[in-house]
Amino acid sequence: MTLVPWEGNEQPRIWETDAGVLNSIGLENIGVAVAIREKAPLWATWKVPVIVNIAGHTVDEYIEVARMVDPVEGIAAIEVNISCPNLERGSLEFGTSAVTAARLTSAVRTVTTLPLIVKLSPNVTDIVEIATAVAASGADALCVINTLRGTAIDVERRRFRLGRPAGGLSGPAIKPVALHMVHRVAHAVDIPVIGCGGICRWRDALEFIMAGATAVQVGTATFTDPDSMISIIDGIEAYVRQCDVADLGEIRGIL
Amino acid sequence: MYKSTMHVLHHERVGIDTFLLIAGAPEVARESRPGQFVMVRCGELPLRRPISVHASSEGSIALLYRAVGDGTTWLSSIEQGQSLDITGPLGNGYSLPDGNGRVVLVAGGMGIAPLCFLAARLAASHEVILVHGARTAAELYEVPGALCEMVSETRALRGLRWIRATDDGSNGACGSALDLALPHLEQADYAYLCGPHGMCVAAHDRVANTIDITRQSGGLYCSPKVRELLCAAQVSLEVRMGCGVGACYACSIPTVQGRRKVCADGPVFRFGDVLWEGICT
Ligand SMILES: Cc1cc2nc3c(=O)[nH]c(=O)nc-3n(C[C@H](O)[C@H](O)[C@H](O)COP(=O)(O)OP(=O)(O)OC[C@H]3O[C@@H](n4cnc5c(N)ncnc54)[C@H](O)[C@@H]3O)c2cc1C
Ligand SMILES: Cc1cc2nc3c(=O)[nH]c(=O)nc-3n(C[C@H](O)[C@H](O)[C@H](O)COP(=O)(O)O)c2cc1C
Ligand code: FES
């Protein structure tokens with residue numbers, strides 16, 4: 001969510017690629033004030049914690065959104081999005097340099113006591129450098145990774161498939177990249193890493209855990225099958241039972 | 001909304017690249033209303049494909065679709081006896097007209113799929129005129145025998161007044177569904193539209209054009225009565241979808257009330273509420 005409602009990008013906003021999805025949503029959302037007023041009361045009744053993903057064009061916008069959501073009942077944690085590839089200004093601009101990423105993290109840290117997750121981009125030269133800087137600036141956890149920038153072209157119509165030249169690639173196609181980055185980051189920082197990127201089945205989730213992830217996120221796979229997260233949880237449970245794993249900590253980061 | 005496994009009872013090619021699929025899906029069939037759609041999982045493809053409910057009754061639903069790309073081509077290879085993973089019914093559906101009166105349905109191409117469901121539902125209570133335009137004769141839809149046999153409500157479709165048009169004049173009148181519908185709209189109480197973006201833009205041009213230029217040029221002008229009817233008409237939209245359930249904002253379009261999601265707030269909108277200039281496909 002953002003400080004004011006965002007309209008998002010021009011259509012088309014989604015395109016399927018081989019084993020993946022390119023999207024250019026552009027963070028359309030109803031804005032933090034309406035979300036707090038109309039959605040948070042409902043979240044407060046849910047049995048699961050709700051984490052809000054926040055973004056902005058400027059550091060001040062991030063600070064203001066974080067300040068507003070901090071006291072709200074029904075919001076369990078903040079995930080700072082410094083990795084959205086679909087904006088001209090903001091978000092990823094902060095996530096491509098260790099200096100700006102650290103500065104933004106410290107600024108948000110000063111206005112909230114909620115658990116603070118920072119979501120990193122794979123579209124960088126050295127994700128470990130950024131991860132270390134963010135971890136040293138007060139983040140409680142990292143989410144690795146957001147989408148990879150990509151393009152698709154319609155050769156018949158000679159135009160881009162999306163409303164803009166580029167979008168963010170997600171889904172099974174990016175899993176090896178995500179896994180590699182989680183592995184590197186998890187071994188470099190001492191805060192928890194949430195693994196994300198192409199997870200579809202329980203085996204994928206366990207790969208991320210063995211690479212060092214404490215938790216995982218599932219995005220695109222829920223489009224393919226809305227029950228995929230349930231199947232992943234069931235699959236992990238069956239695995240730990242079968243392999244006599246008492247605690248996921250036993251296999252976390254073993255590689 | 002259900003995620004369910006539907007069992008294919010019948011699948012046939014009904015046009016050059018058009019297929020009719022009838023499948024057993026009791027919950028989805030019970031709840032489907034005209035204008036709603038289902039998301040069909042197509043093999044290992046990451047995104048489900050939105051397909052309108054073409055007919056529904058007796059525990060079965062029918063889908064009428066054109067094989068245009070990977071997903072629908074995969075779907076066309078499914079055989080009777082196999083099953084499909086679908087979620088639905090989704091979306092708002094058409095609101096049905098009050099009382100009785102004359103209803104004109106304007107279908108361009110595959111827009112006939114959802115409008116047949118509506119036509120069948122209205123057949124007993126309203127005077128229904130179904131105008132269907134296609135590029136060429138082979139793409140015009142004749143209600144298949146199997147559909148009437150297996151989904152009884154669709155029998156009423158054969159008794160309705162159909163007006164058929166082709167762009168190339170190979171069957172029916174030569175011209176677009178919209179052009180052919182215009183005289184009938186003069187006498188109609190309600191109008192419903194579903195068709196390609198170009199058809200909607202053409203209708204929009206007519207709604208927007210208030211100057212009588214018929215004598216000078218190709219006739220974008222239509223009477224105030226038709227303009228008003230088109231403005232109030234219900235139109236169902238096609239845009240690319242991700243989740244189909246309102247979660248991802250892939251399908252968001254601009255309307256006079258602000259941005260709306262085609263999957264969850266639509267796919268049916270009041271024609272005059274859609275800001276057509278802001279939608280590119
Ligand atoms: C609410 C709704 C109802 C629909 N009902 C029908 C119907 O009853 N019969 C029918 O033949 N078609 C219908 N369509 C269009 C149908 O969804 C597309 O033709 C189909 O998704 C194409 O998939 P593909 O993999 O074969 O083509 P590809 O071109 O390979 O598709 C690639 C991607 O684009 C999307 N896409 C492509 N064309 C369209 C389109 N026109 N609209 C939306 N998404 C598209 C696909 O879902 C997929 O994600 C409907 C679309 C919507 C939004
Ligand atoms: C349609 C769509 C919308 C997304 N929106 C956001 C967003 O608002 N904020 C964010 O941090 N990441 C967003 N993402 C990125 C995902 O959260 C995730 O990092 C990425 O898709 C990779 O995971 P996956 O392969 O499981 O989808 C979005 C992804 C998709 C496909
Ligand atoms: S397709 Fe995801 S919100 Fe409509």
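The values are calculated or read from the model by the stated rules, or taken from the named source; none is laboratory data. All values reported here derive from a predicted model rather than from experimental measurement. Neighbour counts run over all protein chains shown; Cβ positions are idealised from the backbone, glycine included.
Here B:ALA55, B:ALA67 are screened, and the one residue that is at pLDDT 95 or above, away from ligand 3 (no atom under 15 Å from the Cβ) and under 15 Å from the mean Cα position of the chain (by Cα) is B:ALA55. Only one entry in A:ILE230, A:ILE209, A:ILE199 is assigned to a helix (DSSP H, G or I), of a type outside the set (D, E, K, R) and within 14 Å of chain B (Cβ to nearest Cβ), namely A:ILE230. One residue stands out in the range B:260-281 among those that are at pLDDT 95 or above and within 12 Å of ligand 3 (Cβ to nearest atom): the one that is farthest from B:GLY88 (Cα to Cα), namely B:ARG260. Per the listing B:LEU130, B:LEU140, the residue uniquely touching a helix residue (DSSP H, G or I) at 6+ places or on another chain (Cβ under 8 Å), of a type in the set (A, V, I, L, M) and away from ligand 3 (no atom under 16 Å from the Cβ) is B:LEU130.
The combined condition, being in contact with a strand residue (DSSP E or B) (Cβ under 7 Å, 6 or more places away or on another chain) and away from ligand 1 (no atom under 16 Å from the Cβ), is fulfilled by A:ASP227. Kindly establish whether B:THR214 is farther than 23 Å from B:PRO97 by Cα, assigned to a loop (DSSP other than H, G, I, E, B), within 16 Å of ligand 3 (Cβ to nearest atom) and at pLDDT below 95. When the stated conditions are applied, B:THR214 does not pass them. The condition of being within 13 Å of ligand 1 (Cβ to nearest atom), at pLDDT 90 or above and under 20 Å from B:LEU182 (Cα atoms) holds for B:VAL235. Residues that are within 23 Å of A:GLY171 (Cβ to Cβ) and within 14 Å of chain B (Cβ to nearest Cβ) number at least 3 in the following strands (runs of 3 or more DSSP E) confined to the range A:1-120: A:14-17, A:20-23.
One line per residue, one yes/no per condition, for (1) more than 16 Å from ligand 2 (Cβ to nearest atom); (2) part of a loop (DSSP other than H, G, I, E, B); (3) away from chain A (no Cβ under 14 Å); (4) under 26 Å from B:GLY101 (Cα atoms):
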position: B:VAL143; (1), (2), (3), (4): yes, yes, yes, yes
position: B:GLU149; (1), (2), (3), (4): yes, no, yes, no
position: B:ALA156; (1), (2), (3), (4): yes, no, yes, yes
position: B:TRP162; (1), (2), (3), (4): yes, no, yes, yes
position: B:ASN171; (1), (2), (3), (4): yes, yes, yes, no
position: B:ALA188; (1), (2), (3), (4): yes, yes, yes, yes
position: B:GLY246; (1), (2), (3), (4): no, yes, no, no
position: B:TYR249; (1), (2), (3), (4): no, yes, no, no
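Checked against (1) at pLDDT below 95; (2) near ligand 1 (Cβ under 9 Å from one of its atoms), B:GLY242 meets all criteria but (1). Going through the range A:151-173 one residue at a time, which ones are buried (at least 24 other Cβ atoms within 10 Å of the Cβ) and facing chain B (nearest Cβ under 9 Å)? A:SER170, A:GLY171, listed by residue number. Considering each of A:ILE75, A:ILE127, A:ILE82, A:ILE117 in turn, give the residue that is in contact (Cβ under 8 Å) with a residue 60 or more places away in the chain and more than 16 Å from ligand 3 (Cβ to nearest atom). Residue meeting the stated conditions: A:ILE117.
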